[in-house]
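Read the structure below first, then the notes.
The values are calculated or read from the model by the stated rules, or taken from the named source; none is laboratory data. Here the structure is a predicted model, which means the values were calculated and not measured. Counting neighbours? That spans all protein chains shown, and the Cβs are built from the backbone with ideal geometry, glycine included. Heavy atoms of the whole protein, side chains included, go into the accessibility calculation; ligands, DNA and RNA do not. Shrake-Rupley method; radii C 1.70, N 1.55, O 1.52, S 1.80 Å.
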Amino acid sequence: MTSIDTIDRTRLGTDGPEVSVQGLGCMGMSWAYGPTDSDEARATLERALELGITFYDTADVYGASAGENEQFIAPFVGAHRDEIVVATKFALTMDPNDPYKRTIRNDPDYIRGAVERSLQRLGIDTIDLYYMHRRDVSVPLEESVGAMAELVKAGKVRHLGLSEVTGEELRTAHGVHPIAAVQSEWSLFSRDIEGGVVPAAADLGVALVPYSPLGRGFLTGSFVSADKELAQDDFRRTQPRFTGDNAAANAALLEPVRSIAQARGATPAQVALAWVQQQAEVRGLAVVPIPGTRKRTRVEENAAATRIRLTDDELAALEPIASKVAGDRYADMAFTSAGRE
Ligand SMILES: NC(=O)c1ccc[n+]([C@@H]2O[C@H](COP(=O)([O-])OP(=O)(O)OC[C@H]3O[C@@H](n4cnc5c(N)ncnc54)[C@H](OP(=O)(O)O)[C@@H]3O)[C@@H](O)[C@H]2O)c1
């Protein structure tokens, strides 16, 4: 397996924070992907930092109850406040009767309350990067970003981000206040953002933070069929591409990932991460994927992928995969940027 000594840095946006070129997604520690060994998850946070990973991603909605993931990482954040960049998000609220049913709030009053709750749960005075998690089209974007800009002025937030926005929405928001980063799904399986928000971000000097860069684990080969292999409450059971006939068809698409990995003495996860990382060079913008893991061995494996550079032939072999994927990335695409483009 390819290993790593230290990890490179990049900047989020033209005046955003400097971060490691790979971050750590913390969502799975509290929600979505089955039971967590909490001690191992805490050790994974520490191991990530030892490896040079300085960028940690959470959201107020991650957890079986509101704020659970923010509270889970709070002791780590407190112990390393000056060494790390913490990103959290507002906008989604959960339905107490259905853990995967969400409503969206982008109105200024809601934003002002949400930031206080996140600050309190994280135990910090300022959030380094505050994202709008989803866009509520019933609220003018200028109003929402205006309220976010007020939080910067008040010192509660350092930098602003958006998640799952279109290129047009990014341009509008950036006109109200500089946006440091857009977080959207981007991987060998999910490339719908390349036509809209990626060129807009490159044009504006905004960084792209790809979420689910491992296709929620599917690209690693750790599962094939969500409905046959994963727990009843696993989020991936709701995703059309990981269930039913789509799952087996999509698993067959991983063959080039596996053969490149084998030829290099790497793992499929590392090849998948190297591909998304290399989009920085291909598309001309800062790209900081945030693979999620709760295991020390996996964070080591994932961090080591930052040292892999794929050849043109390897990139060409991986190129056709996304266009053949069967099934959407969410059951309801209305909340995504692709759903509004
Ligand atoms: N903005 C948004 O709307 C949004 C949506 C989803 C996620 N996110 C953020 O993005 C982060 C990453 O996305 P994600 O967690 O959904 O998906 P991901 O990073 O693509 O995949 C995570 C899954 O892969 C497994 N995994 C990680 N490294 C592995 C390896 N080397 N080998 C085999 N399996 C591996 C993890 O299991 P273990 O944990 O057991 O290792 C987990 O099940 C989240 O943590 C969250 O912070 C944001």
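Taken over region 260-278, the residue count meeting the criterion of being crowded, with 19+ Cβ neighbours inside 10 Å and part of a helix (DSSP H, G or I) is 12. Regarding region 307-320, can at least one residue be identified that is under 18 Å from the mean Cα position of the chain (by Cα) and under 26 Å from residue 13 (Cβ atoms)? Checked against the condition, which is being under 18 Å from the mean Cα position of the chain (by Cα) and under 26 Å from residue 13 (Cβ atoms), region 307-320 yields no hits at all. For region 102-126, residues that are open to solvent by less than 80 Å² (accessible area, probe 1.4 Å), outside any helix (DSSP H, G or I) and of a type in the set (D, E, K, R) total 2. Taking the conditions (1) of a type outside the set (Asp, Glu); (2) open to solvent by less than 10 Å² (accessible area, probe 1.4 Å); (3) touching a Leu at 6+ places or on another chain (Cβ under 8 Å); (4) modelled with pLDDT under 95 in turn, residue 87 satisfies each one other than (4). When you scan region 212-224, do you find a residue that is under 14 Å from residue 337 (Cβ atoms) and open to solvent by less than 10 Å² (accessible area, probe 1.4 Å), even just one? No, region 212-224 has no match at all. If only one of 39, 15 is more than 10 Å from the ligand (Cβ to nearest atom) and under 26 Å from residue 229 (Cα atoms), which one is it? Just one listed residue meets the conditions, 39.
Is it the case that residue 319 is among the charged types (D, E, K, R) and surrounded by 22 or more Cβ atoms within 10 Å (Cβ to Cβ)? Considered against the rule, which asks whether it is among the charged types (D, E, K, R) and surrounded by 22 or more Cβ atoms within 10 Å (Cβ to Cβ), residue 319 comes out as no. Which pairs do you get when a residue that is among the aromatic types (Phe, Trp, Tyr), found in region 189-206, comes within reach of a residue that is modelled with pLDDT of 95 or more, reach meaning Cβ atoms under 6 angstrom, with the pair 6+ apart or on two chains? Going by the 6 Å Cβ cut-off, the qualifying pairs are 189/215; 189/322; 189/325. Only a single criterion out of (1) buried (at least 20 other Cβ atoms within 10 Å of the Cβ); (2) farther than 30 Å from residue 171 by Cβ is not satisfied by residue 256, namely (1). Pairing residues of region 271-299 that are touching a residue at least 60 places away in the same chain (Cβ under 8 Å) with residues that are of a type in the set (Lys, Arg), at Cβ distances under 8 Å and at least 6 apart in sequence or on separate chains, gives 286/11; 296/47; 299/47.
Within region 62-84, restricting attention to residues that are open to solvent by 30 Å² or more (accessible area, probe 1.4 Å) and either of a type in the set (A, V, I, L, M, F, W, C) or touching a Gly at 6+ places or on another chain (Cβ under 6 Å) (or both), which residue is nearest to residue 25 (Cα to Cα)? Checking each candidate, the answer is 72. Remark: residue 74 matches the filter, which requires a residue to be in a helix (DSSP H, G or I), more than 12 Å from the ligand (Cβ to nearest atom) and on the phi < 0 side of the Ramachandran plot.
Please determine whether any residue of region 296-307 is farther than 20 Å from residue 164 by Cα, more than 11 Å from the ligand (Cβ to nearest atom) and of a type outside the set (S, T, N, Q).
yes
Taking the criterion of being touching a strand residue (DSSP E or B) at 6+ places or on another chain (Cβ under 8 Å) and not in a helix (DSSP H, G or I), the residues of region 34-64 that qualify are 52, 53, 54, 55, 56, 57, 58, 59, 60, 61, 64. Among the strands (runs of 3 or more DSSP E) confined to region 147-252, the ones with at least 2 residues that are more than 16 Å from the ligand (Cβ to nearest atom) and not acidic (Asp, Glu) are located at 157-163. Within region 295-306, does at least one residue satisfy the condition of being out of contact with any Lys or Arg (no Cβ under 6 Å at 6 or more places or on another chain), surrounded by fewer than 16 Cβ atoms within 10 Å (Cβ to Cβ), aliphatic (A, V, I, L, M) and in a helix (DSSP H, G or I)? No, region 295-306 contains no residue that is out of contact with any Lys or Arg (no Cβ under 6 Å at 6 or more places or on another chain), surrounded by fewer than 16 Cβ atoms within 10 Å (Cβ to Cβ), aliphatic (A, V, I, L, M) and in a helix (DSSP H, G or I).
Quick one: which of 45, 49 is within 15 Å of the ligand (Cβ to nearest atom) and either open to solvent by 40 Å² or more (accessible area, probe 1.4 Å) or at pLDDT 95 or above (or both)?
Sole residue among the options that is within 15 Å of the ligand (Cβ to nearest atom) and either open to solvent by 40 Å² or more (accessible area, probe 1.4 Å) or at pLDDT 95 or above (or both): 45.
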